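Taking it in order: structure first as C-alpha cells, then the write-up.
The values are calculated or read from the model by the stated rules, or taken from the named source; none is laboratory data. Everything numeric here is computed off the predicted structure, so don't read it as measured data. Glycine also receives a Cβ, built like all others from the backbone with ideal geometry; neighbour counts cover every protein chain displayed. Note: areas computed on protein heavy atoms with side chains; ligands, DNA, RNA excluded. Shrake-Rupley method; radii C 1.70, N 1.55, O 1.52, S 1.80 Å.
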Amino acid sequence: MKAEYIPFVDELIELAIREDIGDGDHTTLSTIPATARGRMKLLVKQEGIIAGIEVAVKVFRRLDPTIEIELLKNDGDRVKVGDVAFYVEGRTQTLLQAERIVLNIMQRMSGVATQTAIYADVLKGTNCKVLDTRKTTPGMRVLDKMAVKIGGGENHRIGLFDMVLLKDNHIDFSGGIVEAITNVKEYLKAKDKNIPIECEVRSLEDIDLVFEAGGVDRIMFDNFSPELTKAAVEKVAGRCSTESSGGITLDTMRAYAEAGVDYISVGALTHQIKSLDMSLKACDK
C-alpha cells in the first residue's frame, strides 16, 4: 500500500465502522458471549483477480489488534470458485462485526481489479498502459485506484490537487490553449507548486498551440480516431507523453495502442464494474 494512500484508507475504515456498527452490533452483542472465539474463511465464489486483502487486514486489526490472519492469497492473484483467500481467527464478536465491511471493500476492489486486468491484457505486447479516471465512487476513490493498480493498470491523478488537467471547458473559459497554459504556469509559480500539467487537444492544430505555450508534460487526444491518433503521436514526436481518451472500448483500444500513444484512459475501469462474489464463512479450526 502506497504511503500516500494510508491516511485515506484509515479514514475510510473509520467511516465504514461508524456507518455499519454505530453504537453497537446489537444482534451480535445479544447473542454471542464477549469471550467466545471463532474462525472464518474468505471463500471465493467467482473467478477473477482478488483485491482488498491488505485493506481487509487493516479492518480486522482496527477492530481487534490481537486477531490472527493466515493469508493464502495476495492482492493481484487470479482466483477461481472455491479458493480460500485467508483464514481469520479471533473474538467471534469482532469477526461478525467486520464481516460486511470486509466483504463490501473486497468485492468492489476485486471487481475493479478484474475489470482492469481484462483491459490490461488487451494492451500486452505494446508500450501503452491503461489509466483510470476520476469516475469513482465518492469517498472510496482511493480503494478504486488501489484496485486498478492491483489489476495491472496505472493511476491517473488521484484528484484535482496532484495534477493540472486542462480540458475543453477550462480551455474555452480561459480563451484558448495558450492562454490556459500560460495561466497555469503563472499560478504554479506563484504558489510554488511543482505538479504535472496535461492539456487536452481536439485537433492536430491544437498540438502546435500546446508547444507554443510550452511547459506541458502530457497531451491528451480527445475523441481522436486511431488514424488521427497515429498522426498526432508523430506530430508530438516524443516531446512529451501522450494519452488517448473518449469513447475507447475493449474492441478499439488495441488500435489506439498500436498508433503509438503512451496511455489510454478508460472510465469503465471503475464506473462500469461488477463486484466479485465472495463470502466470509464460519469454519472449524
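Applying the criterion of at least 3 residues that are surrounded by 12 or more Cβ atoms within 10 Å (Cβ to Cβ) and among the hydrophobic types (A, V, I, L, M, F, W, C) to the helices (runs of 4 or more DSSP H) found wholly in the stretch 1-78 leaves 6-21, 53-63.
Can you find a residue that is β-branched (V, I, T) and open to solvent by 30 Å² or more (accessible area, probe 1.4 Å) anywhere in the stretch 81-102? Taking every residue of the stretch 81-102 in turn, at least one turns out to be β-branched (V, I, T) and open to solvent by 30 Å² or more (accessible area, probe 1.4 Å). Mind checking whether some residue in the stretch 171-186 is in a helix (DSSP H, G or I), touching a Gly at 6+ places or on another chain (Cβ under 8 Å), of a type outside the set (K, R) and touching a residue at least 40 places away in the same chain (Cβ under 8 Å)? Within the stretch 171-186, none of the residues are in a helix (DSSP H, G or I), touching a Gly at 6+ places or on another chain (Cβ under 8 Å), of a type outside the set (K, R) and touching a residue at least 40 places away in the same chain (Cβ under 8 Å). Pairs meeting the criteria (first residue in the stretch 97-119 and within 26 Å of D20 (Cα to Cα), second residue among the basic types (K, R) and outside any helix (DSSP H, G or I), beta carbons under 8 Å, at least 6 apart or on different chains) are G111/K274.
When the residues of the stretch 216-274 are filtered to those that are open to solvent by 60 Å² or more (accessible area, probe 1.4 Å), in contact (Cβ under 8 Å) with a residue 40 or more places away in the chain and in a loop (DSSP other than H, G, I, E, B), the one that is nearest to V201 (Cα to Cα) is L250.
How about the stretch 122-136: which of its residues are open to solvent by less than 50 Å² (accessible area, probe 1.4 Å) and either within 12 Å of the chain's Cα centre (by Cα) or of a type in the set (S, T, Y) (or both)?
Selection gives T126, V130, L131, D132, T133, T136.
Any residue at all in the stretch 93-113 that's in a strand (DSSP E or B), aliphatic (A, V, I, L, M), more than 21 Å from G24 (Cα to Cα) and at pLDDT 95 or above? No, every residue in the stretch 93-113 fails to be in a strand (DSSP E or B), aliphatic (A, V, I, L, M), more than 21 Å from G24 (Cα to Cα) and at pLDDT 95 or above.
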